[in-house]
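Written below as structure tokens is the structure these notes are about.
Just so it is clear, none of the values below were taken in a lab; they were calculated from the coordinates. Keep in mind that this is a model prediction, so the values were computed, not measured. Every residue, glycine as well, gets a Cβ built from its backbone with ideal geometry; the counts of neighbours run over all protein chains shown.
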Amino acid sequence: MAGKLIIGNWKMNTRAQSAQSLVAALLADPVCNQPWVGVAAPAVYLAALGAQLAGQALQLSAQDVSSFSADGAFTGEVSAAMLRDVGCRYALVGHSERRQYFGEANPALLSKMNNAMAAGLVPVLCVGETLAERESGQYLEVIFSQLAILAEVSAGEYVIAYEPVWAIGTGKVASLEQIAEIHTAIKTWCLQNAKPSANIRVLYGGSVKAENAESILKTENVDGALVGGASLDAGSFRMICQAAGKLI
Ligand SMILES: O=C[C@H](O)COP(=O)(O)O
């Protein structure tokens, strides 16, 4: 797919009614109701939103997927097959908040990637360094170690999201030079080491807003954006999609 991919990650926000209202606003807007736009909603609302999105261009994403694939005694887990069943196209994997608060690491993340692809989902593997890792100069090693599972995944389509942890929800955006450096390094690493993806796309995430979206999306090797806070407001998200739409 040429052009950009924009996914709004709602994180642990919304209620049933506000989630459906937000999706209704996006569906009513041809700028947002596009096959290259998605929303990653809380798991509990995915089934209702999947029904609301049936037959529409706008895509649905999960924020996580189980590392277990078979049905069975895995209390609290949501499998890739279940996510596909309710209409998800994407699933975030290894978001920094999952790594930080739930201790997610490469072995489980590899299973999540494989389970997602086996079920027909496109996983979005999130990578990125902390401020301490950036300041120590070790950021590329950190990112490459997070990408390492891509050498082992089953072949299939996946997306990568580069999200410097220090830029998430902080209002601090990586400079365009920093973004270009990392995105180029990720693509080069993938070409040399990763299992081929149908179409390797690298999204940027971290305080993407209406005001900075166009310049970020125009940056070398940036194939889209993973948008947190700004995706909770239909007007702000619209402007980000509009910036992306101009670049298709
Ligand atoms: O998944 C999205 C990222 O964590 C970015 O969040 P943010 O746009 O609120 O900084």
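Residue check: Thr188 meets all listed conditions (1) assigned to a loop (DSSP other than H, G, I, E, B); (2) closer than 19 Å to Asp223 by Cα; (3) without any contact (Cβ under 8 Å) to a residue 40 or more places away in the chain but one, namely (1).
Filter region 131-157 down to residues that are within 16 Å of the ligand (Cβ to nearest atom) and either under 26 Å from Ser61 (Cα atoms) or among the hydroxyl-bearing types (Ser, Thr, Tyr) (or both) and give me whichever is surrounded by the most Cβ atoms within 10 Å (Cβ to Cβ). Ranking the qualifying residues of region 131-157, first place goes to Gln146.
Do you know which residues across region 220-235 are in contact with a strand residue (DSSP E or B) (Cβ under 6 Å, 6 or more places away or on another chain) and of a type in the set (Gly, Ala, Ser)? Scanning region 220-235 gives Gly224, Ala225, Gly228, Ser231.
Which residue is surrounded by the fewest Cβ atoms within 10 Å (Cβ to Cβ), if the candidates are limited to region 184-208 and must be away from the ligand (no atom under 16 Å from the Cβ) and among the basic types (Lys, Arg)? Per the stated criteria, the residue is Lys195.
Cβ-Cβ distances below 8 Å connect the following pairs, each with a first residue in region 146-173 that is under 10 Å from Ser96 (Cβ atoms) and charged (D, E, K, R), a second residue that is within 15 Å of the ligand (Cβ to nearest atom) and in a loop (DSSP other than H, G, I, E, B), and a separation of six or more residues or different chains: Glu163/His95; Glu163/Gly128; Glu163/Gly206.
Please determine whether any residue of region 162-183 is among the polar types (S, T, N, Q) and more than 16 Å from the ligand (Cβ to nearest atom). Can you show your working first?
First pass over region 162-183, keeping only residues among the polar types (S, T, N, Q): 170, 175, 178.
Pick out the ones that are also more than 16 Å from the ligand (Cβ to nearest atom) and you get none.
No: zero hits.
Residue pairs whose Cβ atoms lie under 7 Å apart, separated by 6 or more positions or on different chains, with the first residue in region 92-111 and in contact (Cβ under 8 Å) with a residue 60 or more places away in the chain and the second within 12 Å of the ligand (Cβ to nearest atom) and of a type in the set (Asp, Glu), are Leu92/Asp64; Ser96/Glu163.
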